[in-house]
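The values are calculated or read from the model by the stated rules, or taken from the named source; none is laboratory data. These numbers come from a predicted model, not from an experiment. Cβ atoms come from the backbone with ideal geometry, glycine included; neighbour counts cover every protein chain shown.
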Amino acid sequence: MAKITCAISGLRFNTNFMDSLSLPSNEGYPHPVFAAPSSYLDKMYTHHCRGNLTATDSYLLFLAILHSTGKVEWKSPVSLDPNCPRTVSFIENNLGQLLAVIEKTKAILHPSFEQPNYVVGVDNSSLGQLPAYIKAWNTNIANFYRGSASIREQEEIQKVENRLTWLLLSGDPIEKFSHVIANWAEKASGEFPAGKEELYKQVIRTCFNSTKMFSTPLPLLKEIKECCEATIEVGSIHFHALMQVLKEGIGRHCDYLGGSSLALGYTLESLSSSNLETIADDHAEGTTSGKSRQQARADLASLASNAPAVQPVAGDYATPFLFLKAKLAYRVAKEAHKQSAKEENRLVVEEAIKAVKAEISSDSSASSDRSAPIAHIRGKAL
């Protein structure tokens, strides 16, 4: 029998005929198991798991499975002893992970995907770096899936953006496709706060609904607008449309009762206990139109003047919308009356204080006039 040293495993094996032939491993003749099909290797792996293989057979199976990846170049045979307990342990610890990464690699059919290659030479013939190879292959798979997800996400954004472009150029009112703008905003931003994605989209979709906008807190509307401005690239017609929608929502929230009476977003709940003087001051400070505090208070007074004389009853109004408006106006008028009474009391107190000050001043002057002649006489006497 001819004696041949396997170029991969480093083991000696025999072949019939040409008995005098003896080839070293550097001639590059591997054991026939390295040419076996994957179906045979799978079958042998089952026998390995059942403990039916010898240590040498398991060693050859392990290297044959590694060789089947096509990603290992053998420049030197492996220098492990198949019968050494450390080798047996090494195979047991890595064979399952090796098979797992091979299966995950096979599942990717995209032609652009490729695993990195590794070279086994004299300096690393003990395969001590194999765990690092397996980890690198797994990382490469994960990166591929992340990249694919990013590509799909970009394709979805482009699809929504193309649709939005067509709608914007169609001439239809924006309110007819605000739901498309909401979807585009979420995808273009990519950074809506966790847990608030659906809330943000719902608010954007309903920006043309006055009733829903009035029940939406103004801070939330501003929060959405600021988030979009911070995370979406400005300048496109899509971004401009989004800002139009959000400004419309803010405007409807503020002008729900007309006359910009709620320019700072004071809803029914907050107005029931708010101080209208504070509201007017805040309105004047926060307005972008340069209104004075007097004008802000005049807006509130106008709103209160149109309120019903008695507390509204739902049955007296045709729709819940009209009832809500009347109820809110009534509360504004009620608060305004309280503030008016406070203002009158304040004026009375101020007038009283002024009168007391005037009396004190008058008494001081009279006392000064009486003491002057006495001082004059004393001066002469001196």
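Within region 206-229, residues that are without any contact (Cβ under 8 Å) to a residue 24 or more places away in the chain sit with their Cβ atoms under 6 Å from residues that are of a type outside the set (Gly, Ala, Ser), at 6+ positions apart or across chains, in these pairs: Lys212/Thr206.
If you go through region 208-238 and pick out every residue that is modelled with pLDDT of 90 or more and aromatic (Phe, Trp, Tyr), you end up with 1.
Within region 156-168, not a single residue is within 30 Å of Phe323 (Cβ to Cβ) and of a type in the set (Asp, Glu).
Note on region 1-26: among residues that are at pLDDT 65 or above and among the hydroxyl-bearing types (Ser, Thr, Tyr), the one that is surrounded by the fewest Cβ atoms within 10 Å (Cβ to Cβ) is Ser20.
If you filter region 93-121 down to residues that are modelled with pLDDT under 90 and of a type in the set (A, V, I, L, M, F, W, C), you find that the one that is surrounded by the fewest Cβ atoms within 10 Å (Cβ to Cβ) is Leu109.
The residues of region 55-92 that are exposed (fewer than 12 other Cβ atoms within 10 Å of the Cβ) and polar (S, T, N, Q), listed by number, are Asn83, Ser89.
Check whether at least one residue in region 218-232 is surrounded by 13 or more Cβ atoms within 10 Å (Cβ to Cβ) and under 19 Å from Pro173 (Cβ atoms), and report yes or no. Show your work before the answer.
Of region 218-232, the ones surrounded by 13 or more Cβ atoms within 10 Å (Cβ to Cβ) are 218, 220-225, 227-229, 231-232.
Those left that are additionally under 19 Å from Pro173 (Cβ atoms): none.
No, region 218-232 has no match at all.
Selection over region 149-178 of residues that are out of contact with any Phe, Trp or Tyr (no Cβ under 9 Å at 6 or more places or on another chain), in contact (Cβ under 8 Å) with a residue 24 or more places away in the chain and closer than 14 Å to Phe239 by Cα gives a count of 1.
Matching residues to (1) part of a helix (DSSP H, G or I); (2) over 16 Å from Tyr133 (Cα atoms); (3) outside the structural domain of Leu130 (by TED's automatic domain parsing):
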{"residue": "Leu66", "(1), (2), (3)": "yes, no, no"}
{"residue": "Glu73", "(1), (2), (3)": "no, no, no"}
{"residue": "Pro77", "(1), (2), (3)": "no, yes, no"}
{"residue": "Thr87", "(1), (2), (3)": "yes, yes, no"}
{"residue": "Gln97", "(1), (2), (3)": "yes, no, no"}
{"residue": "Ile102", "(1), (2), (3)": "yes, no, no"}
{"residue": "Thr105", "(1), (2), (3)": "yes, no, no"}
{"residue": "Phe113", "(1), (2), (3)": "no, yes, no"}
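A residue that is in the same structural domain as Lys75 (by TED's automatic domain parsing) and either β-branched (Val, Ile, Thr) or closer than 23 Å to Asn209 by Cα (or both) can be found somewhere in region 139-149.
Taking the condition assigned to a loop (DSSP other than H, G, I, E, B) and of a type outside the set (A, V, I, L, M, F, W, C), does Thr216 pass? Yes: the conditions hold for Thr216. Take Gln202 and tell me if it is touching a helix residue (DSSP H, G or I) at 6+ places or on another chain (Cβ under 9 Å) and part of a helix (DSSP H, G or I). Considered against the rule, which asks whether it is touching a helix residue (DSSP H, G or I) at 6+ places or on another chain (Cβ under 9 Å) and part of a helix (DSSP H, G or I), Gln202 comes out as yes. Pairing each residue of region 57-72 that is over 13 Å from His31 (Cα atoms) with any residue that is assigned to a loop (DSSP other than H, G, I, E, B) and of a type outside the set (Lys, Arg), provided the two are 6+ apart or on different chains, yields C-beta distances under 8 Å for Ser58/Pro82; Thr69/Gln115; Lys71/Gln115; Lys71/Pro116; Lys71/Asn117; Val72/Asn117.
Scanning region 221-232 for residues that are closer than 30 Å to His110 by Cβ and assigned to a helix (DSSP H, G or I) turns up nothing.
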